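Visitor: Before we start, here is the structure in question, set down as structure tokens.
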Amino acid sequence: MNLLPESYLGWVALCVAAFGIGITKSGFSGFSMVHVILFASVFGAMESTGIILPMLLVGDVFAMLLYGKHANWIYVRRMFPPTFLGVVLGWLLMMVLDGKFYRPLIGFIILGLVILQIIRLWKENWLADVPHAAWFAWSMGCLVGVTTMLANAAGPVFGLYLVAIAVPKMEFVGTAAWFFLLLNLIKIPFSWSLGLIRLDTLALNVLLMPLIAVGLWIGTILVKRIPQKLFDSLILIFTGCAAIRMLLG
């Protein structure tokens, strides 16, 4: 399969998406669904998940080096068992889903995550009364696992969980950095078994990886200067429109 885009716009989309991965890993979680939409538009919803995964890992390593010292390992350990179960469920779904249903399914998932992210931005305390109960961690963990396997789009779900249990900002970023680094490492054999990570996809990753570093560098500057609520709100508007477009075909 020839992965190289045939059009100029295709290359622009991939470059913006790679740059966006770096922005996301710098702390702008509202950007996390943009690369999902752009890669899916170029390669298809399922194929794109394997292409994105190694690039996410590169971003995770950078994020861990920048923020990992702030991580709270209690939450990482608490969420990993249900998240792994969700990854397995998502992997099984990917083996049986018909290709024509995959694109609208991802559209539904992304639109749902946009709604969750909007709630998180404008009603930060809406889950403040939820106790630190096992059922909540397990339900959110399973959802994180399924969405990350199907679409590499679990950032808003995990963020919603951390907001619900009132994790401070720097602890939030550090915990997410380590959590997604370990989670994406675990996903590699699952994506490989589905044929979504191959030598040709890895070669494309190498071409685009410098843009991740550039995005991360610029993101660390922007995160200090731009109100994140405003930035994320604009990104969510465009992402929501893109998700609706995926639903409509």
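The values are calculated or read from the model by the stated rules, or taken from the named source; none is laboratory data. Keep in mind the model is a prediction, meaning the values are calculated, not measured. Cβ sites come from the backbone with ideal geometry, for glycine too, and all protein chains shown count toward neighbours.
Visitor: Do you know which residues across the range 42-100 are closer than 26 Å to Val167 by Cβ, without any contact (Cβ under 8 Å) to a residue 24 or more places away in the chain and among the aliphatic types (A, V, I, L, M)?
Guide: Leu65, Ile74
Visitor: Go through (1) over 14 Å from the mean Cα position of the chain (by Cα); (2) buried (at least 22 other Cβ atoms within 10 Å of the Cβ); (3) at pLDDT 85 or above and name the single condition Pro189 misses.
Guide: Failing condition for Pro189: (2).
Visitor: The conditions are (1) within 13 Å of the chain's Cα centre (by Cα); (2) farther than 21 Å from Trp217 by Cα; (3) of a type in the set (D, E, K, R), and Lys25 fails exactly one of them. Which is it?
Guide: (2)
Visitor: Next question, about the same structure. When the range 1-39 is examined, which residues are found to be modelled with pLDDT of 85 or more and among the small types (Gly, Ala, Ser)?
Guide: Scanning the range 1-39 gives Gly10, Ala13, Ala17, Ala18, Gly20, Gly22.
Visitor: Write out, first by first residue and then by second, each pair whose Cβ atoms fall under 8 Å of each other, whose residues are 6+ apart or on separate chains, and whose first residue, in the range 207-221, is more than 23 Å from Pro5 (Cβ to Cβ) while the second is among the charged types (D, E, K, R).
Guide: The qualifying pairs are Leu216/Lys25; Gly219/Lys25.
Visitor: Please indicate, with yes or no, whether at least one residue in the range 110-117 is under 23 Å from Ile212 (Cβ atoms), at pLDDT 80 or above, in contact with a helix residue (DSSP H, G or I) (Cβ under 6 Å, 6 or more places away or on another chain) and part of a helix (DSSP H, G or I).
Guide: Scanning the range 110-117 turns up no residue that is under 23 Å from Ile212 (Cβ atoms), at pLDDT 80 or above, in contact with a helix residue (DSSP H, G or I) (Cβ under 6 Å, 6 or more places away or on another chain) and part of a helix (DSSP H, G or I).
Visitor: Of the numbered conditions (1) farther than 27 Å from Ala203 by Cβ; (2) surrounded by 22 or more Cβ atoms within 10 Å (Cβ to Cβ), Trp73 fails exactly one; give the number of that condition.
Guide: With respect to (1) farther than 27 Å from Ala203 by Cβ; (2) surrounded by 22 or more Cβ atoms within 10 Å (Cβ to Cβ), Trp73 is out only on (2).
Visitor: Please enumerate the residues belonging to the range 196-249 that are among the polar types (S, T, N, Q) and modelled with pLDDT of 90 or more.
Guide: Matches in the range 196-249: Thr201, Asn205.
Visitor: Do you know which residues across the range 35-57 are β-branched (Val, Ile, Thr) and surrounded by 23 or more Cβ atoms within 10 Å (Cβ to Cβ)?
Guide: Scanning the range 35-57 gives Val36, Ile37, Thr49, Ile51, Ile52.
Visitor: Related question: If I ask for residues that are of a type in the set (Gly, Ala, Ser) and surrounded by 12 or more Cβ atoms within 10 Å (Cβ to Cβ), which ones from the range 1-21 would you list?
Guide: Matches in the range 1-21: Gly10, Ala13, Ala17, Ala18, Gly20.
Visitor: So which residues in the range 83-102 are crowded, with 19+ Cβ neighbours inside 10 Å, within 25 Å of Phe136 (Cα to Cα) and of a type outside the set (Val, Ile, Thr), if there are any at all?
Guide: Gly86, Gly90, Trp91 - these are the residues of the range 83-102 that are crowded, with 19+ Cβ neighbours inside 10 Å, within 25 Å of Phe136 (Cα to Cα) and of a type outside the set (Val, Ile, Thr).
Visitor: Residues in the range 120-137 that are surrounded by fewer than 15 Cβ atoms within 10 Å (Cβ to Cβ), at pLDDT below 75 and not in a loop (DSSP other than H, G, I, E, B): how many?
Guide: So the answer is 1.
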